[in-house]
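Structure record follows, encoded as structure tokens.
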Amino acid sequence: MKSLATMARLCAILAGVLMTAITLVTCVSLLGRNTVGATLVGDYELTAITAGAAVALFLPWCQLRRSNISVDFFTARVPPRINAVLDRFGALMLATVMFLLAWRTTVGCINSHDSQTTTMMLGFPEWIVYAAMVPPLCLTGLIALYQAFIGDFPEQDA
């Protein structure tokens, strides 16, 4: 299972790099707009594309670390054993949702590729973003399945 943890870590690093890059692009665009009146064409499109891919890329690491939001208001006084069962059930439900999202994102990717849809300003092919989102969604599902049926990942140097 170290390979799943390594892939999750790499996804998170890539997402961080993407978010840093788009932050720099946004800063350059804002500086240009507010100083010389020139802006980067398609900066909004780049932000949307990058943010969508980054969100998907952060999901595996978030699930690996069990850092997703959980509402424990109703289970705060429940015995740990029951909480463990509920956590496993939640992981199973998350895995189901992630695999459904991966499937529908794949369908969207195929449709976008077939219709050759692009962004308005840059003409960037939309199917590339869909394709970039499918692997991290599947990885998140695999990690959640592991947590649902086997348990937590062995301690790692995170």
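Values as computed for the structure displayed
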read-out	value
Built amide H within the under 5 Å cut-off of T119, gap 5+	F124, E126
Shape box of the chain [Cα atoms, principal axes, largest first, Å]	62, 38, 32
Using θ = phi - 60° and Karplus 6.51 cos²θ - 1.76 cosθ + 1.60, couplings along the range 25-30 (whole Hz; Gly, Pro as x)	4, 5, 4, 4, 5, 5
Where chymotrypsin sites (Phe, Trp or Tyr not before Pro) fall in DSSP loop in the range 1-61, at most 12 other Cβ within 10 Å	none
Estimated inter-spin distance, A51 and S70, nm [label 7 Å along Cα→Cβ]	2.9 nm
Backbone N within the range 110-124 under 15 Å of label point (7 Å from Y44 Cα along the Cβ vector)	119-123
The chain - percent relative contact order, Cα under 8 Å, separation 6 or more	30 percent
Local net charge near C27, Cβ-Cβ under 13 Å (Lys/Arg +1, Asp/Glu -1)	0
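None of the figures in this text is laboratory data; all of them are computed from the coordinates on show. In this text, all values refer to a predicted model and were calculated from it rather than measured experimentally. Heads up, the Cβs are rebuilt from the backbone with ideal geometry, glycines too, and the neighbour counts pull from every protein chain shown.
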